[in-house]
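First comes the structure, then the notes that go with it.
The values are calculated or read from the model by the stated rules, or taken from the named source; none is laboratory data. For clarity, every value in this text was computed on a predicted model and none was experimentally measured. Here the Cβ is made from the backbone with ideal geometry for all residues, glycine too, and neighbour counts use every protein chain on show. Keep in mind that these areas ignore ligands, DNA and RNA; they rest on the heavy atoms of the full protein, side chains included. Shrake-Rupley method; radii C 1.70, N 1.55, O 1.52, S 1.80 Å.
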Amino acid sequence: MIPAAFEYEKAGSVEEAVSLLQRFGEDAKILAGGHSLIPLMRLRLAQPSALVDINGVKELNYVRLEGGKLRIGAMTRHVELQNNDLVRQNVPMLAEIADEVGDNQVRNMGTIGGVLAHADSAGDYPTLALMLEAELVTNKSRYQAKDFFKDVFTTAMAADEVLCEVVFAVANGPHKYIKFRRRLFDWAIVGAGAQKLNGGWRIGLTNVGPMPVRATAVEQALASGATPEQAAEHASDGLNPSGDLRASPDYKKHLARVLTKRAIQQAQGA
Amino acid sequence: MKRKVSLTVNGTRREDEVEPRLLLVHYLRDVAGLTGTHIGCDTSQCGACTVLIGDKAVKSCTMFAVQAQDADVQTIEGLAKGDQLHPLQQAFWDEHGLQCGFCTPGFIMAGVYLLSQNPNPTDDEIRKGLEGNLCRCTGYVNIVKAVRTAAKTMGGQTKQPQATAATAGGD
């Protein structure tokens, strides 16, 4: 399958990428790892008029610990996250999620910024960003994760905005992310994450709606002394997932409850 | 509009004019004439198109040829030294790690990457390392055996494939 024709330029810096986006207009797209965009282009579900390739933008590839925050450049690849000591020590769930994205070949190319900007409802990083209240930094502004994801494949970013950095507060307590899928390299049918942070629990859900979900009802139940089993019953509160080839809406809600329970229990080491 | 792309394929420098939309796998097969790299699924799932770019295994169906500017690409054709097969090729032969053979080039390239990262993998690590490649014939048992055998042949002293200063996709 051959994508529709497009113009192509490599950017050497964020500044150059922005000016290329402005020159090409709103049908242009940033090309990061390309492992969501290129498949969509092959199927012609996406037909951007131009691609601005930021793979050569070295300034977007880093992991730093500064002022108690883990700062990650948007072009940092999954393989670099899964093996990075700073990530493993400070936000271990991020390294564990990176280790489970796609397969070796995908992890060698795909980037954290690409996943977040693409905002696929089955993406795992958006859930983690939401539950850990990460900050997403672009060339224009800073977004809280809850304000960044607007709909499926839709973020708050403008057409000439480039995601540059993701900032996580340190979260190195008990945690578990469970990705339920049929084959190792698949996207999550449903995913659930639990992270102990500042004495409370953060619970996030993947692929149960157009955007990532923070299961606040579960968090509150746990704070009020409910067992993981009792609290997880609230994981499907307010959810209205759409069905797909792999799971009906009811099955996804069931999975949300079961996986939330398991994630909390496994995080606790129970 | 066509653009010039220059890269190294199996040690040979090439320069070609390509459309930006030309996928690397089509470039390798149709422009460079290296048909050992296969197209299995066209949906980035099966891994039949796996090649090495620098020291990294990638799916050449999920990259444009223009992205490989200045890259060092290695395909299945670049593994053997004359008549002497690469240890992984030999092990797939000896262990019969294939039936129809369509997925084999991708498995071997993924195996080369796997052993470069982990020269002495356990069976579980081999299976996880090959998760991005699908075989519809073998049931994988002989493929895992072949990688295990190759690891032994290579004496657990696998060196990283040579990294080049400029890898496509920029590290």
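The calculated FRET efficiency for the pair A:Leu86 and A:Arg142, based on their C-beta separation and a Förster distance of 22 Å, comes to about 0.55.
Accessible surface area normalised per residue over segment A:105-191 is 35 Å², counting heavy atoms of protein chains with a 1.4 Å rolling probe. For chain B, with all protein chains in place and a probe radius of 1.4 Å, 48% of the accessible heavy-atom surface sits on carbon or sulfur. In a GNM of chain A with a 10 Å cut-off on Cα contacts, which of A:Gly191, A:Gly114, A:Gly238 has the highest mean-square fluctuation? Looking only at A:Gly191, A:Gly114, A:Gly238, the biggest GNM fluctuation is shown by A:Gly238. Put the Cα centre of segment A:196-261 next to the Cα centre of segment B:96-117 and the gap is 40 Å. Taking chain A as the reference, fit the longest principal axis to its C-alpha atoms, fit the long axis of helix A:14-24 to the helix C-alpha atoms, and give the angle between the two in degrees, 0 to 90, nearest 10. Orientation of helix A:14-24: about 70 degrees from the principal axis. The figure for B:Tyr140 is an accessible area of roughly 60 square angstrom, using a 1.4 Å probe on the protein chains alone.
All C-alpha to C-alpha distances of the protein assembly as shown, sorted into 20 Å bins beginning at zero, yield P(r) values of 25, 55, 19, 0 percent in whole numbers. Checking every one of the chymotrypsin sites (Phe, Trp or Tyr not before Pro) in segment A:124-161 against DSSP loop status and a limit of 11 other Cβ atoms within 10 Å picks out no site at all.
Could you grab the relative contact order for chain A? Cα pairs under 8 Å, six or more apart, rounded to a whole percent. About 15 percent, as a whole number.
Sort segment A:169-242 into rounded, prolate or oblate with this rule: let a ≥ b ≥ c be the square roots of the eigenvalues of the Cα gyration tensor; rounded if a/c is under 1.5, and if a/c is not under 1.5, prolate when a/b is larger than b/c, oblate otherwise. The shape class here is oblate.
Expressed per residue, the C-alpha convex hull volume of segment A:114-160 stands at 66 Å³.
For a modelled paramagnetic label at B:Trp93, 7 Å from Cα along Cα-to-Cβ, no residue of segment B:38-52 is in reach, as no backbone nitrogen comes under 19 Å. Cross-link pairs exceeding 25 Å in C-alpha to C-alpha distance, out of A:Lys146/A:Lys261; B:Lys4/B:Lys81; B:Lys59/B:Lys145; A:Lys179/B:Lys59; A:Lys140/A:Lys196; A:Lys10/A:Lys179, comprise B:Lys4/B:Lys81; A:Lys140/A:Lys196; A:Lys10/A:Lys179. At what distance in angstrom do the alpha carbon centres of segment A:50-115 and segment B:137-156 lie from each other? A separation of 31 Å, based on Cα centres.
For the set B:Ile126, A:Ile30, the ranking by accessible area, highest first and with no ligand, DNA or RNA atoms included, is A:Ile30, B:Ile126 under a 1.4 Å probe.
Note on segment A:147-191: percent of Cα-Cα distances in each 10 Å bin, starting at 0 and stopping at the bin with the largest distance, equals 18, 28, 42, 11. Using the Kirkwood radius over C-alpha pairs as Rh, can you work out the diffusion coefficient of chain B via Stokes-Einstein at 10 °C, viscosity 1.306 mPa s, in µm² per second? The calculation lands on 99 µm²/s. Among B:Asp72, B:Asp83, B:Asp94, the residue with the largest mean-square fluctuation in a Gaussian network model of chain B, with springs joining Cα atoms closer than 10 Å, is B:Asp83.
Per residue of peptide B:61-71, the mean number of Cβ atoms on other chains within 10 Å of the residue Cβ is 5. Calculated FRET efficiency, A:Gln266 to A:Lys150, Cβ-Cβ distance, R0 = 25 Å: about 0.20 to the nearest 0.05.
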